[in-house]
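Scroll down for the structure; my scribbles are underneath it.
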Amino acid sequence: MKISSISNIMTKRTFGLVVVLSLLTFFVSTPVFAHKHRCMSRHGFHSPKIRVMTRNLYLGADIMRVVKAAVENPDNPMAVPVAVAGVFNTVQQTDFPARAEKIADEILFYRPDLIGLQEVSTWLIQEQSDFMLGNPQAADQVVYDYLAILMNALEERGLHYKVAAVVKNADIELPMFAGMSDDNLPMFSDLRLVDHDVVLARQRVDVSNLTTGNYKYNVSMEIGGVPVEFTRGYILLDADVRGMDYRFVNTHLEVGSEAGPGFAAIQAAQMAELLEIIGEESKPVVMVGDFNSSPEDPETQPYYQALAAGYQDAWDENSAYCITEGFTCCFNETLDDIDAQLTTRIDHIFIKPGNLEIRKIKARTMGDMPWDMTYSGLWPSDHAGVVAKIKFRK
C-alpha cells in the first residue's frame, strides 16, 4: 500500500473519531443528560456527596528555635533577637508565594467544596524596634499575607472560592536583630507573626451558622522575659452542598506528647472542648484539620477522642486504589530535601454521618511526591494535605 493511501485512511479515521467525540461531548453537556448524570446513582436516587480538603500551609520556619534559644541562653540578651532573625530568614527562603502556586494547583485539580486551612500566616515587620520601650506600636508593615497570596493564585486559575470564615489565633511579636550600625552597635526591628485558621468554600456553596473561637487552654511561656501564648482556634459552620446540609469543622490543635506531658494534656483538653462545642448533630459532620495526633498515640489523645465520640477516620474507610500509608508529617524545616520522608499521619478528615450512612469514601494525600515540589525545589508545605470525596446514602 502506498504511503499516500495510508495517510488518507488515517485522516478519515481521525476525522471519524473527532465526530464521535464531538457528539459525546454535546450529549454529556446537554442540561437534561448532565442533570441525570449528576443526580442519579446506580440506586436510582440522589446520592449526597461532598469533597473536602485539609491543608496546613506551614508558617515557613520552625519558631520553636526561638524558644530553644531563650531556654539555652537565659543570660544572653542577643540570643532571642538573633534566633528571630534566623527564623525570618528561613521564612523568606521557604518562599510562600512559590509554594502557594503549587497548593493552588492542588485545589484546581481536586476542586473541593470546602477547604480547611491551618497556619495561614501573616508576617509583619516594624523597621525601628520599639520593643524595649514596651512595644507601644504593634508591627504593621505586611511582608507576607498567606491568605491574600493564595487567593490571588486561585483567582489566576479561574477558581471561584470565597473566604467563608477566619479565626485569629496566636499573635506574637519579638525583637529581631537587624545588623550593626556605623557605630558598631546592634540594630533591631520587630517581627510579628499572626496565625489564622481559615475555611474556603466554592462560590456555589452556601454557608451559615458560623462559630469561631479560641481554646480555653493554650501553651504559654516566657521568651526572653516576654510572656507569649501559642493560642489555637476552631471554626464551625453549616454548609449547603448540592442541596444537602453539613456541619463543617476546621481546627489546629496543640502539639502532643512528643513535646512533653504538659503539651499532651493541653492537646487533649482542646479536643474535648471542641467535641463539646460541636455536640450532637442530626446532620452529617465533617471535621478536618491538623490534629497533631496519630493512630500511634495513646487513647487519651485527639485521634482516639474523635473515634470515641462516634467519628470515622476517612482514611480508614478509604476505597481509593493505590493508596499510600497516608502519612502527612513532616518534611524538613527548609522544605528542600527531596529525600525527606513523611512518617506519621496527623492531618485528618473525620466524619460523623448523622442521619445518613456513609456509602463510599475516596481519599488521597497531596503535595508529597517529588513532582509536587516548586521549580526551585521546595515542598509545598512541611505537611502533606488530604482530600476526600465522601458519598452518603439516605
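Residues of the range 365-387 that are farther than 22 Å from Val255 by Cα, without any contact (Cβ under 8 Å) to a residue 60 or more places away in the chain and not in a loop (DSSP other than H, G, I, E, B): Pro370, Trp371. Of all residues assigned to the range 63-73, at least one qualifies as being out of contact with any strand residue (DSSP E or B) (no Cβ under 7 Å at 6 or more places or on another chain), within 14 Å of Phe177 (Cβ to Cβ) and not in a helix (DSSP H, G or I).
Glu106 - would you say it is closer than 20 Å to Ala164 by Cα, part of a helix (DSSP H, G or I) and at pLDDT 95 or above? Show your work before the answer.
Values: closer than 20 Å to Ala164 by Cα: yes; part of a helix (DSSP H, G or I): yes; at pLDDT 95 or above: yes.
Criteria met by Glu106.
Of all residue pairs spaced 6 or more apart or on separate chains, those with beta-carbon atoms under 8 Å, a first member in the range 53-66 that is without any contact (Cβ under 8 Å) to a residue 60 or more places away in the chain and a second member that is β-branched (Val, Ile, Thr) are Arg65/Val87. Selection over the range 287-308 of residues that are surrounded by fewer than 24 Cβ atoms within 10 Å (Cβ to Cβ) and either basic (Lys, Arg) or part of a strand (DSSP E or B) (or both) gives a count of 0.
Residues that are outside any helix (DSSP H, G or I), of a type in the set (A, V, I, L, M) and farther than 21 Å from Val84 by Cβ within the range 117-172 comprise Leu117, Leu159, Val163, Ala164, Ala165, Val166, Val167, listed in sequence order.
Has the range 275-286 got any residue that is touching a Cys at 6+ places or on another chain (Cβ under 9 Å), modelled with pLDDT of 95 or more and surrounded by fewer than 23 Cβ atoms within 10 Å (Cβ to Cβ)?
Taking the range 275-286 as the starting set, the residues that turn out to be touching a Cys at 6+ places or on another chain (Cβ under 9 Å) are none.
Looking through the range 275-286, none of the residues is touching a Cys at 6+ places or on another chain (Cβ under 9 Å), modelled with pLDDT of 95 or more and surrounded by fewer than 23 Cβ atoms within 10 Å (Cβ to Cβ).
As a summary of the residue check, Ala201 satisfies the conditions (1) in contact with an Asp or Glu (Cβ under 8 Å, 6 or more places away or on another chain); (2) in a loop (DSSP other than H, G, I, E, B) except for the one numbered (2).
Rundown of residues vs (1) touching a residue at least 60 places away in the same chain (Cβ under 8 Å); (2) within 30 Å of Tyr246 (Cα to Cα), yes/no style:
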position	(1), (2)
Asp75	no, no
Gly86	no, no
Ala100	no, yes
Glu106	yes, yes
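Selection within the range 309-344: residues that are closer than 30 Å to Val87 by Cα and of a type in the set (A, V, I, L, M). The member of this set that is surrounded by the fewest Cβ atoms within 10 Å (Cβ to Cβ) is Ile338.
Looking at Ile338, Ile361, can you tell me which residue is in contact (Cβ under 8 Å) with a residue 12 or more places away in the chain and in a strand (DSSP E or B)?
Values: Ile338 fails: in a strand (DSSP E or B).
The conditions single out Ile361.
Summed over the range 158-186, residues that are surrounded by 14 or more Cβ atoms within 10 Å (Cβ to Cβ) and either farther than 25 Å from Leu124 by Cβ or free of Cβ contacts under 8 Å to residues at least 24 places away in the same chain (or both) total 1. Restricting attention to the range 192-245, the residues being closer than 30 Å to Asn73 by Cβ, under 19 Å from the mean Cα position of the chain (by Cα) and not aliphatic (A, V, I, L, M) number 4.
The values are calculated or read from the model by the stated rules, or taken from the named source; none is laboratory data. Predicted, not measured: the structure shown is a model, and the values here were computed from it. With ideal geometry, Cβ positions are generated from the backbone for all residues, glycine too; neighbour counts draw on all protein chains shown.
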